[in-house]
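The values are calculated or read from the model by the stated rules, or taken from the named source; none is laboratory data. Small disclaimer: the values here were computed from a predicted structure and weren't measured. As a convention, Cβ positions derive from the backbone with ideal geometry for all residues, glycine included, and neighbour counts pool all protein chains shown.
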Amino acid sequence: MSREETKGDLVLVAAGGTGGHLFPAQALAQAIRARGIRVQLATDERALRYGGDFPAEEIHEIASATPTSRGLGAKISAALVLGKGVVEAYRLLGAIKPRVVVSFGGYPTVPPALAASLRAVPLILHEQNAVMGRANRFLARRADRIACGFPTLEGLPESLCDRVVQVGNPVRPAVLEAARLSYPGFDDGRLRLLVTGGSQGARIMSDVVPAAIERLALEQRARLVIVQQARGEDLARVREVYLRLGVNFEAAAFFPDLPLRMAKAHLVLARSGASTVSELAVVGRPSILVPFPHALDADQAANARHLEKAGAAEVMRQTGFTPEWLAERLARALDEPRDLTRRAQAAKSAGVPDAAERLADLALKTAGL
């Protein structure tokens, strides 16, 4: 293959500046680059703050906005910014000439995806959640393929179902490394609990979990090892409760090695974002999931049902997630560790560890590479 031909083998990945979109995009980019194909990233300004390690030869900032704010003025302003972004993306695609655009949802991907359609560049949408997001629904009719992260995808027009390919949600290399670790045993009689609420923590976890631990008997508390992610403003009160109770714990606002900590846990208590659910399945850990109740499309509830149906997770709405309820579940987990082992196996059976490779296959096939 000549140098000029190789220069044309480029995949443009479009992903907004949140971990839920960037993590799977990053995994895909690594899989494509491993095959000798160039990758560039189109994103918004948020990703530029922590996208320095994204495996792309170039990162392009494209103007974007979310037109869901209340008020006509805000909607008009957002539409104008998106229009500017489409112009920027159209020029970008004309300059770099990608063979395919792979878009990971969210309004920051609308300008590159629309530009792909206008430039007649093949377009793949990847939907991480079990319910199609609003940006992807807006773009769906322009897509050549719609790759989904879960076996079911709600919110997609029936006329487009023939474009859907289930590939799973690509996960980071750190998650694949963690997945190699076996489910921990219970030889020391201790239960290792990981509490996480997403990249910024969740206040409900800081409100409920320490209060639930306090309701356990002294002997039960002595058998717990807790790792809890909490918002910075909640850390002091979480630590105060655990110190007063004499619990073995570690609490922080951020754990850079969260996949490893997930692998070392017997039970994970979390929200049910698409990345979290997919990582739990790939690593193979039982969970208690509390879907975020204010999601526009109830996507977290749909994600959680995936692991619930597999027998890997117990799902509780936030209104029922009380200290009393959680204390009873933790007491049961301490008494019945075999059930946790069974649920860990069920989680593992629902995982798709090669999702990045599957999506890379789809992207390169669509591009004719």
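Scan region 107-122 for residues that are in contact (Cβ under 8 Å) with a residue 24 or more places away in the chain and surrounded by fewer than 24 Cβ atoms within 10 Å (Cβ to Cβ) and report the count.
7
When only residues in region 310-330 that are in contact with a strand residue (DSSP E or B) (Cβ under 9 Å, 6 or more places away or on another chain) and among the aliphatic types (A, V, I, L, M) count, which is nearest to A350 (Cα to Cα)?
Ranking the qualifying residues of region 310-330, first place goes to A312.
Just to check your reading of the model, which residue among P98, P112 is in a loop (DSSP other than H, G, I, E, B) and modelled with pLDDT of 95 or more?
P98
When you go through (1) within 14 Å of P112 (Cβ to Cβ); (2) out of contact with any Lys or Arg (no Cβ under 8 Å at 6 or more places or on another chain); (3) modelled with pLDDT under 95 one by one for A63, which number turns out not to apply?
With (1) within 14 Å of P112 (Cβ to Cβ); (2) out of contact with any Lys or Arg (no Cβ under 8 Å at 6 or more places or on another chain); (3) modelled with pLDDT under 95 applied to A63, the lone miss is (2).
Which members of region 135-164 meet the condition of being under 25 Å from A304 (Cβ atoms) and part of a loop (DSSP other than H, G, I, E, B)?
G149, F150, P151, T152, L153, G155, L156, P157
Tally time: how many residues in region 62-97 are surrounded by 15 or more Cβ atoms within 10 Å (Cβ to Cβ) and hydroxyl-bearing (S, T, Y)?
So the count comes out to 3.
Could you check region 202-228 and list, in sequence order, the residues that are closer than 18 Å to T276 by Cα and either in contact with a helix residue (DSSP H, G or I) (Cβ under 7 Å, 6 or more places away or on another chain) or outside the structural domain of F255 (by TED's automatic domain parsing) (or both)?
Within region 202-228, R203, I204, V227, Q228 meet the criteria.
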